[in-house]
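This report refers to the structure that appears directly beneath it.
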Amino acid sequence: MVTAKTTRVQTLIIGGGITGLATAYALKEHGQHDYLVLEAQDYLGGLCATTHRNGYYFDYSGHLLHLHSELGQTLIHKLLGSNLQSHKRRAHIYTQGLRVPYPFQTNVWALSPHLQEKIVAELTQPSPNATTPHTFAQWCIQSFGPTLYETFFQPYNEKLWGRSPAQLTCDWCGPFVPAPHRQEILTGARLQPTTPQGYNATFYYPKHGGCGALIEALAEQVSHRQTNAPVTRIDLTTKTAWVNDHPIRFEQLVSTIPLPQLVHLLDEHAKLKHMARQLEAQPVTVYHLAVDRKVEPFSWIYCPDPQQPFYRVGLTSSFAPDSVPNDHISLFYIELPGKVPPSADIEARIWSGMRQLGLVTDKDQKVFTAWQTIPCAYVIFNNQRAQVVPTLLRTLEEEHCFCAGRYGRWEYSFMEKSLTQAWELAQRLVKLV
């Protein structure tokens with residue numbers, strides 16, 4: 001029922017994270033000012049917000065900007081201006097006591113002679129007739145050979161995703177897993193590559209304010225927004241959403257919240273709800289640790305070995321000096337797969353793992369810690385997702401509900417794509433008016 005107190009808006013945007021705010025900003029830039037952004041939390045930014053605590057600044061893990069498109073670079077430089085700095089990636093893999101530069105597959109020279117010989121022998125054999133890979137495991141073995149797969153890709157991805165690569169599809173790889181030609185891998189078995197590879201060879205990060213500086217810049221451009229405004233129900237037939245029992249009428253709906261969560265809010269969509277229940281995601285727990293010592297700078301380290309409970313460690317203070325109270329302190333972000341409750345036992349295991357990597361010593365003093373949970377950090381790319389997501393997105397669009405962003409579209413992406421996707425969606429929405 002529509003009452004006199006019903007709010008009316010052309011475009012209603014659910015979620016005040018980077019994608020929701022960027023969509024509103026893009027609508028305004030294209031001349032549409034009749035929008036409203038709703039954020040359930042009491043702050044904007046979602047997983048791109050920066051937390052300030054006791055003189056420390058930290059994000060939800062490593063939120064780094066990888067800029068590859070002209071549109072993405074234009075938007076970021078317009079929003080952040082001089083508050084932006086470029087960094088060269090300093091990343092490696094720590095496994096079996098070795099430090100192998102990233103990407104693993106082009107730095108075979110850093111492995112043991114035994115592994116080098118096996119990898120070279122596999123890659124110099126005549127290739128069997130290639131078939132289209134259907135799983136991530138098949139894709140890795142076909143691209144890199146069984147030894148590289150068993151040495152790094154299998155253990156690392158099993159730790160990260162919480163399941164075998166044989167249970168994952170390979171339609172997410174795209175730019176995220178560098179796939180050099182065999183000759184490049186063979187060359188890297190003899191010589192260290194001189195040209196960095198991968199989509200993240202260079203990254204950007206705000207000079208001040210953490211990733212939240214980008215959120216603040218976007219929020220300054222978005223005047224119609226509400227926090228503490230959780231959507232509790234949506235009727236796409238009447239184009240009405242309810243926030244704390246208050247109805248809001250819309251012509252177009254943009255959702256940036258997790259796709260299963262959106263479908264759960266819909267009235268009279270039992271079939272879609274059944275489909276959405278098949279979607280899965282892997283949570284991640286982030287442990288922020290500061291020690292009272294200047295650690296040799298690095299960007300991040302991949303950790304496939306089972307001895308470490310984490311799958312990756314980054315050094316926030318290496319690319320964000322103002323993240324710590326003084327320059328004698330080092331701040332790490334440590335990523336653990338799944339929901340890991342804080343405890344003295346897990347902290348001891350993390351410390352032991354960090355000591356194995358040579359990142360902390362028995363003399364180091366722990367001066368700060370903080371825990372965060374990302375409920376659906378990595379969308380599980382399996383056969384169910386491949387079948388369900390396109391149908392859900394198509395059906396929702398037919399009812400003028402448009403999904404955007406990493407979680408809205410239930411995909412694997414990075415911040416630049418959130419910005420460019422929001423911009424392109426806004427262009428579509430303006431044309432529909």
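For the reader, a short list of remarks on this structure follows.
Residue-wise test of (1) of a type in the set (S, T, N, Q); (2) in contact with a strand residue (DSSP E or B) (Cβ under 7 Å, 6 or more places away or on another chain); (3) within 24 Å of PRO321 (Cβ to Cβ).
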| site | (1), (2), (3) |
| --- | --- |
| PRO165 | no, no, no |
| PRO175 | no, no, no |
| GLY188 | no, no, no |
| PRO196 | no, no, yes |
| GLY210 | no, yes, yes |
| ILE215 | no, yes, yes |
| GLU220 | no, no, no |
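- Meeting the requirement of 2 or more residues that are among the hydrophobic types (A, V, I, L, M, F, W, C) and buried (at least 20 other Cβ atoms within 10 Å of the Cβ), the strands (runs of 3 or more DSSP E) wholly within region 157-244 are 231-235, 240-243.
- Of the candidates ALA137, ALA121, ALA130, the single residue that is buried (at least 16 other Cβ atoms within 10 Å of the Cβ) and of a type in the set (Gly, Ala, Ser) is ALA137.
- Test: residue in region 374-394 that is assigned to a strand (DSSP E or B) and surrounded by fewer than 17 Cβ atoms within 10 Å (Cβ to Cβ): yes
- Residue in region 343-356 that is at pLDDT below 95 and either out of contact with any helix residue (DSSP H, G or I) (no Cβ under 9 Å at 6 or more places or on another chain) or not assigned by TED's automatic domain parsing to the domain that holds GLN96 (or both) present: no
- Matching residues, region 250-270, being touching a strand residue (DSSP E or B) at 6+ places or on another chain (Cβ under 7 Å) and surrounded by 16 or more Cβ atoms within 10 Å (Cβ to Cβ): PHE250, GLN252, LEU253, VAL254, SER255, THR256, ILE257, PRO258, LEU259, LEU262, LEU265, LEU266
Residues are listed down the side, and each one gets a yes or a no for (1) at pLDDT 95 or above; (2) outside the structural domain of ARG312 (by TED's automatic domain parsing); (3) within 21 Å of PRO196 (Cβ to Cβ); (4) within 25 Å of the chain's Cα centre (by Cα):
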site	(1), (2), (3), (4)
VAL108	yes, yes, yes, no
VAL120	yes, yes, no, no
PRO126	no, yes, no, no
THR131	no, yes, no, no
HIS134	no, yes, no, yes
SER143	no, yes, yes, yes
ASN157	yes, yes, no, yes
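The values are calculated or read from the model by the stated rules, or taken from the named source; none is laboratory data. Being a predicted model, the structure only gives us computed values, none of them experimental. Quick reminder, even Gly has a Cβ in these numbers, built from the backbone with ideal geometry, and neighbours come from all protein chains shown.
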